[in-house]
Amino acid sequence: MELIDKQWLKLADSIRHQLQTYRIQQYSDLRSLIYNVSLPQGHLEMIRQALDKCSYKNWWAAAKKLTLKAKKSLQDIPSAVSKLEYALAALDPPLPANRDIYAELKQIQEEFGRLEYDQDENILSAYTDPIELEDIYLGDFQIQLHLSHISAMKNNNFLKVIALDPHPAACNDAVTHPHVSDEYLCAGDATASIQNALINGRICDVFILVRSVLETYNSLSPYVSLNEWDGISCYECGYIATEEETFYCESCDHIFCLECSSLCHFCETSMCISCLTSCPVCEISICESCLQTCKECEETMCESCLEDGLCASCREDKETDDEKETKEIKCEIPSSNQQVA
Amino acid sequence: MQILYINNFGGGFADYVTVAANTTIEKFFQLQLPNENTGDFLIRVNRQPVPREYVLQENDRVTITPTKLEGAKI
């Protein structure tokens with residue numbers, strides 16, 4: 001619903017209250033961060049006292065062990081200090097006044113053309129223009145800021161992006177934008193900026209930053225790349241398939257559908273049916289690399305159709321020749337009963 | 001003079017910075033983001049778009065937000 005001024009002021013107050021709740025949580029988190037810094041320091045103090053004793057009593061082996069413990073405690077401090085510094089810096093800016101948040105809401109209206117508030121669900125919404133990335137039309141989107149979730153913003157579930165005219169990826173209905181899946185935006189480079197803007201009540205900046213992400217394509221890390229948005233076309237027959245329904249031919253470097261591809265029976269490499277051949281003897285599917293050659297006739301066939309390097313036909317010929325040779329040898333050798341002239 | 005500068009490029013921090021008198025918004029941008037192009041950013045002063053020759057005033061609120069930000073997949 002669109003609001004009148006009085007309602008905007010009430011909404012601004014509600015948002016400020018959410019931010020205040022989050023600020024209280026931040027103060028609570030600060031205690032454990034301070035503890036994480038003080039704990040290793042406590043250890044170091046104990047080690048110092050123990051070293052005093054070791055020096056007094058000449059316990060040098062024990063002193064050596066204590067120095068190792070001191071090293072380990074020291075390693076934890078820089079990270080703990082860094083986290084504490086960051087948390088303290090986040091608490092630096094004061095909470096925005098109601099009038100500042102009201103000004104933010106008015107600015108959203110100017111930047112986006114309209115701003116809506118769902119009182120029942122406590123959701124603030126702005127709308128993008130239709131978005132087209134690399135000639136792929138994605139439609140327009142509603143950016144929802146779930147105000148009830150602001151105070152628990154660690155879970156990042158305070159933002160949703162709803163496709164109003166969905167043109168999802170062919171392989172996955174839930175991906176309506178390369179960086180939106182199941183209505184959740186993966187903000188990537190904008191994540192820290194969005195959180196900082198929200199923590200500091202710069203609500204308009206949150207919406208503008210989300211819009212910037214929606215209007216930019218990161219080809220290195222999409223849920224589905226725009227190249228494959230409309231599916232993957234089989235190189236052989238042109239059928240449009242999803243990624244799971246396609247196979248890569250390692251011989252010709254193209255992508256094929258299930259019907260146009262198969263596996264080599266021996267090495268199990270996936271190939272297109274053009275690059276695969278079949279054994280001329282048993283007709284099993286086989287790739288060129290797995291074909292072997294008969295030593296005698298030099299015919300190529302699968303290894304199952306060869307024995308001792310010979311095909312069945314050459315083996316038979318060889319056996320016949322061997323038998324003939326054996327008979328000939330027997331005839332040439334004279335028997336012991338014959339007299340020599 | 002002091003102005004409030006909100007840099008939504010990077011960590012998104014806000015801070016008071018000192019600028020020389022008669023500094024235009026265009027000049028300010030070039031000083032803060034010397035390797036960037038104004039066309040890739042949304043620049044607002046006191047929540048309003050301003051011409052490049054706008055001269056900054058004491059306590060102005062300047063926001064610079066990239067219009068191209070790369071998302072990712074989780």
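Nothing in this text is a laboratory measurement; each read-out follows from the coordinates by a stated rule. Quick caveat: nothing in here was measured; it's all calculated off a predicted structure. Quick reminder, even Gly has a Cβ in these numbers, built from the backbone with ideal geometry, and neighbours come from all protein chains shown.
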Taking 2.2 N^0.38 Å as the expected size of a compact globular protein, what ratio does the Cα radius of gyration of region A:292-332 give against it, to two decimals? 1.41
Tell me, in nm to one decimal, what length is gained between A:LEU164 and A:THR320 on full extension, where the rule is 0.36 nm per residue of separation less the Cα-Cα distance? 48.1 nm
Structure shown: which of A:LYS106/B:LYS73; A:LYS160/B:LYS73; A:LYS6/B:LYS68; A:LYS72/B:LYS73; A:LYS10/A:LYS160; A:LYS295/A:LYS324 lie over 26 Å apart, alpha-carbon to alpha-carbon? A:LYS106/B:LYS73; A:LYS6/B:LYS68; A:LYS72/B:LYS73
Chain A: most fluctuating residue of A:LEU66, A:LEU105, A:LEU214 per GNM, C-alpha cutoff 10 Å: A:LEU66
If you stretched the chain out fully between A:LEU74 and A:GLU250, how much longer would it get, using 0.36 nm times the residue separation minus the C-alpha to C-alpha distance? 58.1 nm
Once you average over the residues of A:193-203, how many Cβ atoms of partner chains fall within 10 Å of each Cβ? 4
With the crude spin-label approximation of a point 7 Å out along Cα→Cβ, what separation in nm comes out for A:TRP59 versus A:SER289? 6.5 nm
Taking only Cα atoms and a 10 Å spring cutoff, compute GNM fluctuations for chain A and point out the largest among A:CYS279, A:CYS314, A:CYS302. A:CYS314
Determine the sum of side-chain charges near A:SER212: Lys and Arg each +1, Asp and Glu each -1, restricted to other residues whose C-beta is under 12 angstrom from that of A:SER212. -4
Check cross-link reach from A:LYS71 to the aspartates and glutamates: straight Cα distance under 16 Å, and skip same-chain residues fewer than eight apart. A:GLU45
Using a Förster distance of 51 angstrom, determine the FRET efficiency expected from the C-beta separation of A:GLU132 and A:THR21, and round it to 0.05. 0.80
Per-peptide average of other Cβ atoms within 10 Å, ordering A:122-130, A:138-146 highest first: A:138-146, A:122-130
Around A:TYR184: net Lys/Arg minus Asp/Glu count, Cβ-Cβ under 14 Å: 0
Using r as the Cβ-Cβ distance of A:GLU268 and A:ASP182, and R0 as 35 Å, what FRET efficiency do you calculate, to the nearest 0.05? 0.50
Could you tell me the calculated FRET efficiency between B:THR18 and B:LYS73, based on Cβ-Cβ distance and R0 = 45 angstrom, to the nearest 0.05? 0.60
How large are Rg and Dmax for region A:5-90 when only the alpha carbon atoms are used, in Å? 22.3, 79
Environment charge of A:SER289, counting only residues whose C-beta is closer than 14 Å and scoring Lys/Arg +1, Asp/Glu -1: -4
What is the mean number of Cβ atoms from other protein chains located within 10 Å of the Cβ atom of each residue in peptide A:184-192, rounded to a whole number? 5
The ³J(HN,Hα) series, computed from each phi in region B:43-59 with the Karplus coefficients 6.51, -1.76 and 1.60 at θ = phi - 60°, rounded to the nearest Hz and given as x for glycine or proline, is 10, 10, 10, 6, 6, 10, x, 9, x, 4, 8, 4, 8, 5, 10, 4, 6
Highest mean first, how do A:188-196, A:38-46 rank when packing is the count of other Cβ atoms within 10 Å averaged over residues? A:188-196, A:38-46
Nearest-20 debye value, region A:5-90 charge dipole, Cβ charges on Lys, Arg, Asp, Glu: 420 debye
If each part is reduced to its alpha-carbon centroid, region A:1-73 and region A:124-140 end up apart, in Å, by 43 Å
Once fully extended, how much extra length lies between A:ILE240 and A:GLU110, figured as 0.36 nm per residue of separation less the alpha-carbon to alpha-carbon distance? 42.5 nm
So, for the Cα atoms of region A:100-223, Rg and Dmax in Å stand at 14.0, 44
